[in-house]
Amino acid sequence: MATSRLRLFLYIIIAILLISAVSLYFFVNPSSEEIQLFPKCPFYSFTGLYCPGCGSQRAIHDILNGHFIEGLRHNYLFILLGFVLGYEALTFIRLTLFKKETYNVIHTSKFTIMVLVIVLVFWLLRNLPLYPFTELAP
Amino acid sequence: MENKPTRPNSYLALAIISTILCCLPAGIVSIIYSTKVNSLYEDGNYAEAERASKNAKTWGIVSVALALLIYIVIFAIYGIAIFAAIANGDF
């Protein structure tokens with residue numbers, strides 16, 4: 001009983017944090033010069049290199065405001081994130097509402113290894129100062 | 001027929017979220033453990049897969065919690081700075 005109440009409490013806190021974060025990122029542009037509210041990536045600050053997550057704050061701001069292409073150009077990994085979350089949500093809905101098992105591609109070793117390789121290669125390539133790869137930089 | 005235990009959760013979504021949104025190396029570690037969960041399970045090493053699953057979860061949560069902590073500290077500093085500015089009449 002106590003644990004389920006704790007769980008509910010935790011969910012409410014997460015929901016409040018999510019809603020406030022989403023509204024903050026909707027209204028404030030992280031790349032604006034006047035309001036420097038959001039922290040810079042610590043990895044970038046220390047090393048001067050981009051990490052796989054760099055540009056995600058700008059991407060969230062753009063995507064929330066409906067600029068999908070601009071958002072994705074800040075961080076292409078959002079395509080991967082969207083795919084994984086969408087697939088998991090679809091699997092969950094099919095299981096709970098329609099009682100149907102979905103063959104889950106995400107739970108195969110090939111897919112997870114592919115994700116690891118994509119993230120690492122993306123990380124490497126976005127730091128190269130050559131033309132086609134500069135597109136990957138945030 | 002061998003009795004197959006259920007596949008442990010690989011926490012891949014959590015791992016990707018922590019890598020993209022928190023940009024900390026812990027996210028990458030979490031993805032590596034997610035990878036191990038699935039390949040160990042497919043090889044039949046169920047106990048090892050279970051352990052990798054726990055590690056993936058731990059590293060994912062550590063990464064998210066660290067990022068959250070950094071955000072809270074920074075917003076607290078900004079909060080104090082804004083209050084100080086208001087108190088000084090700069091706004």
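Things worth noting here:
- Criterion violated by B:PRO25 - all others in (1) more than 20 Å from the chain's Cα centre (by Cα); (2) within 11 Å of chain A (Cβ to nearest Cβ) satisfied: (1)
- Selection count, the stretch B:29-47, where residues are within 8 Å of another protein chain (Cβ to nearest Cβ), open to solvent by 20 Å² or more (accessible area, probe 1.4 Å) and farther than 15 Å from A:ASN104 by Cα: 1
- Filtering the stretch A:58-72 to residues that are in a loop (DSSP other than H, G, I, E, B) and exposed (fewer than 13 other Cβ atoms within 10 Å of the Cβ) leaves only A:GLY66.
- Just one of the listed residues (A:PHE133, A:PHE122) is within 12 Å of chain B (Cβ to nearest Cβ), surrounded by fewer than 19 Cβ atoms within 10 Å (Cβ to Cβ) and assigned to a helix (DSSP H, G or I), and it is A:PHE122.
- Taken over the stretch B:7-28, residues that are open to solvent by 70 Å² or more (accessible area, probe 1.4 Å) and either in a helix (DSSP H, G or I) or on the phi > 0 side of the Ramachandran plot (or both) amount to 1.
- Test: residue in the stretch A:12-31 that is over 26 Å from B:LEU12 (Cα atoms) and facing chain B (nearest Cβ under 9 Å): no
- Answer residue from the stretch A:96-117, given it is within 10 Å of chain B (Cβ to nearest Cβ) and aliphatic (A, V, I, L, M) and is surrounded by the most Cβ atoms within 10 Å (Cβ to Cβ) among those: A:VAL115
- Any hit, the stretch A:73-95, residues being more than 15 Å from B:ALA13 (Cα to Cα), open to solvent by 40 Å² or more (accessible area, probe 1.4 Å), outside the structural domain of A:VAL22 (by TED's automatic domain parsing) and not in a helix (DSSP H, G or I): yes
The values are calculated or read from the model by the stated rules, or taken from the named source; none is laboratory data. Fair warning: this is a prediction, and the values are worked out from it, not measured in the lab. Cβ sites come from the backbone with ideal geometry, for glycine too, and all protein chains shown count toward neighbours. When the accessible area is computed, the model is the full protein with side chains, heavy atoms only, and any ligands, DNA or RNA have been set aside. Shrake-Rupley method; radii C 1.70, N 1.55, O 1.52, S 1.80 Å.
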